[in-house]
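Since the structure comes first, as structure tokens, the remarks are kept for the end.
None of the figures in this text is laboratory data; all of them are computed from the coordinates on show. This one's a predicted model, so the numbers in the text were calculated from it and none came from an experiment. Positions of Cβ are backbone-derived with ideal geometry, glycine not excepted, and every protein chain shown enters the neighbour counts.
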Amino acid sequence: MSICIIDYGLGNLASIRNMIRKAGGKSEISSDPTVIAAAEKLILPGVGHFAAGMENILKSGLLPVLHEAVLERKTPILGICLGMQLMAGHSEEGDVAGLGWFDADIIRFRQEDMGNLKVPHMGWNEVKPAKAHALFPNVDEPERFYFVHSYHIRCNNPEDVLATAHYGYDFTCAVSRKNIAGMQFHPEKSHRFGMGMMERFIQWQP
Amino acid sequence: MAAMRRIRVIPVLGIDRGRLVKTVGFKHPKYIGDPLNAIKIFNDKEVDELAIVDIRAALNGTEPDYELIADMAGECFMPLAYGGGIRHADQAKRIFDLGVEKVIMNSAFLEQPELVTGLASNYGAQSIVVCLDVDRNMFGKWRVKGVSGSRKYEWTPEEAAVMAEEAGAGELLLHAIYKDGSLSGYDFDLIRSVSGRLNIPLVALGGARGTSDMLQAVQSGASAVAASSTFVYNRNDTRSILINYPNQKTLTEEVFRHL
């Protein structure tokens, strides 16, 4: 099993590699189109500004490589944080188009609904699965994950919602459709909960 | 039922030449143990986040110990912040590339706030923490210090905090020097006064004895709490070293449930 962590210049890639290793998997960090095309699974990481993320993907020439791997060859892919957000059609952050793999928008936390909570949402939060899925098997204990973000996804297709969390209000924190999954939180920085998620991603056969 | 609000509870570990140390009032570093061993224990205890500060790198003008940072990041399955000796952007990049989520800027922020601005625009504000070390001057007024507490500045912590936010910091670590190692509770007035001027999260540090201090810090305006002594000493007894951290049940019952 080879997992390629896509390097497009944003995000803490070493942490993801460390967690995959701990979960018993093998990964390679790469921006090389041939490595990405040959990978059995992909991770699209990312931390930072949405527009900067899309710009880097366009500049690096990876856009057709990603579309082909994910949409045509159906390579399983996991987006993390900004990597998940980029899978949406559009973001308010920079008002730019994303990869368009989900019919969804990235919107800023609505401050008027937040009370005295600060944005970014930074810290641990419980995640509630919204549907049965190999990445979120039923568990008795609620799972906690680490979040750091000011924007979140809003899906136009309710069946794309994989999990929700609550910060000021309920928001979608994970999405999935066929071979594509995305998570706002950071499994690579979420202790045994994140390790469990990585193990399930390694096993995942969509 | 409304979802329970959680706040981050962050152990801060001081290191000096690769050894874990604990100071009192930024002085008298006492050898506590091996940082990698401590990180493994904090991993097992599932801490929310961890901060590592090289307490003398700024003072001695030494480079961050990249080898040690890489080893620590490789063992850290929670967010990791590192501070100490970061004076230019290349050093920060190298630290991020090793798998560290956040850099903590203190002396460099006071001397060259534009460094914070540049790093925040490159890596996102959430990865840049400004730490303000606050002391009381001879008139009992709060003033900011830098370079391991050795350099005085005229800024009040409120002024410096606003500068940090304007420079682009994602959060502010507010450290009361006179509380360091005291195990006498946070300076809640300081937390209240500084948080009232800030929009970014304030993380309180210095003096915590346990969960009731942490709760009171949040009620005073902190968004998260950090502590050092109470997490390395057994029941706050400085004669007895024991890496410890409250479990989720304790945190829920003694902190989260009251927020």
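Phi angles of segment B:76-89 translate, via the Karplus equation with coefficients 6.51, -1.76, 1.60 and θ = phi - 60°, into HN-Hα couplings of 9, 9, 9, x, 10, 10, 10, x, x, x, 8, 10, 9, 4 Hz per residue; Gly and Pro are given as x. Note on B:Lys93/B:Glu166: beta-carbon distance plugged into 1/(1 + (r/R0)^6) with R0 of 35 Å gives a FRET efficiency of 0.90. Dipole magnitude for the protein assembly as shown: computed about the Cα centre from +1 point charges on Lys and Arg Cβ and -1 point charges on Asp and Glu Cβ, it is near 1080 debye. Under 5 Å between amide hydrogens, built in the peptide plane, is the criterion, and for B:Arg8 it picks out B:Val225 among residues at least 5 positions away or on other chains. Contact order, relative form, for chain A: 20 percent (alpha carbon pairs under 8 Å, 6 or more residues apart, mean separation divided by residue count).
Could you work out [θ]222 nm for chain A from helices alone, using -39500 (n - 2.57) per DSSP H run of at least four and dividing by all its residues? Round to the nearest 500 deg cm²/dmol.
Details: 6 runs with 48 residues, N = 206.
Result for chain A, helices only: -6000 deg cm²/dmol.
Please state the shape class of the protein assembly as shown: rounded when a/c is under 1.5, otherwise prolate if a/b exceeds b/c and oblate if not, all from the C-alpha gyration tensor.
Numbers: a/c = 1.69, a/b = 1.62, b/c = 1.04.
Cα axes put the protein assembly as shown in the prolate bin.
If you take the square roots of the eigenvalues of the alpha-carbon gyration tensor of segment A:107-170 and sort them as a ≥ b ≥ c, do you get rounded (a/c under 1.5), prolate (a/b over b/c) or oblate? Verdict is oblate for segment A:107-170. Across B:Lys179, B:Lys141, B:Lys27, mean-square fluctuation computed from a Gaussian network of chain B (C-alpha pairs under 10 Å connected) peaks at B:Lys141.
A cut-off of 5 Å between modelled amide H atoms, ignoring neighbours fewer than 5 places along the same chain, links B:Tyr82 with B:Ile52, B:Lys102, B:Val103, B:Ile104. Considering only B:Ser220, A:Ser60, B:Ser240, and ranking their Cα positions along the charge dipole of the protein assembly as shown that arises from unit charges at the beta-carbon of Lys, Arg, Asp and Glu, the one farthest toward the positive end is B:Ser240.
What shape does segment B:131-232 have by the C-alpha gyration tensor, where a ≥ b ≥ c are the square roots of the eigenvalues, rounded means a/c under 1.5, and otherwise prolate means a/b greater than b/c and oblate the rest? Kindly include the intermediate steps, with their values, before the conclusion.
Details: a/c = 1.68, a/b = 1.18, b/c = 1.42.
It is oblate, given that a/c is not under 1.5 and a/b is not larger than b/c.
Using R₀ = 41 Å, calculate the FRET efficiency as 1/(1 + (r/R₀)^6) where r is the Cβ-Cβ separation of A:Lys128 and A:Ser30; round to 0.05. Could the numbers behind the result be given before it?
Working: r = 34 Å, r/R0 = 0.83.
Calculated transfer efficiency: 0.75.
Rounded to whole numbers, the Karplus 3J(HN,Hα) couplings from phi for segment B:171-177 are 7, 10, 9, 9, 10, 8, 4 Hz, using 6.51 cos²θ - 1.76 cosθ + 1.60 with θ = phi - 60°, and x at Gly and Pro. Take the Kirkwood radius over Cα pairs of segment A:4-43, plug it into Stokes-Einstein at 20 °C and 1.002 mPa s, and you get 209 µm²/s for translational diffusion.
3J(HN,Hα) along segment B:7-20: 10, 7, 10, 10, x, 10, 10, x, 10, 9, 6, x, 10, 7 Hz, from the Karplus curve 6.51 cos²θ - 1.76 cosθ + 1.60 with θ = phi - 60°, whole Hz, x for Gly and Pro. One chain, two ends: A:Glu159 and A:Ser2. Fully extended at 0.36 nm per residue, the span grows by 53.6 nm beyond their Cα-Cα distance.
The simple spin-label model puts a point 7 Å past each Cα toward its Cβ; for B:Tyr66 and A:Asp113 those points are separated by 4.5 nm. Please give, to one decimal in nm, the separation of the simple spin-label points placed at A:Ala38 and B:Leu259, each 7 Å out from Cα toward the Cβ. With each label point 7 Å from Cα toward Cβ, the separation is 4.7 nm. Look at where the Cα atoms of segment A:147-172 and of segment B:206-236 average out, and the two centres are 31 Å apart.
Modelled label positions at B:Asn236 and B:Ser150, each set 7 Å beyond Cα in the direction of Cβ, lie 3.2 nm from each other.
What's the magnitude of the charge dipole for segment A:2-203 around its Cα centre, counting Lys and Arg as +1 and Asp and Glu as -1 at the beta-carbon? Answer in Debye, nearest 20.
Working: 20 positive and 23 negative charges, 111 e Å.
Computed about the Cα centre, the dipole is about 540 debye.
In a reduced charge model with +1 at each Lys and Arg Cβ and -1 at each Asp and Glu Cβ, chain B shows a dipole moment near 740 debye about its Cα centre.
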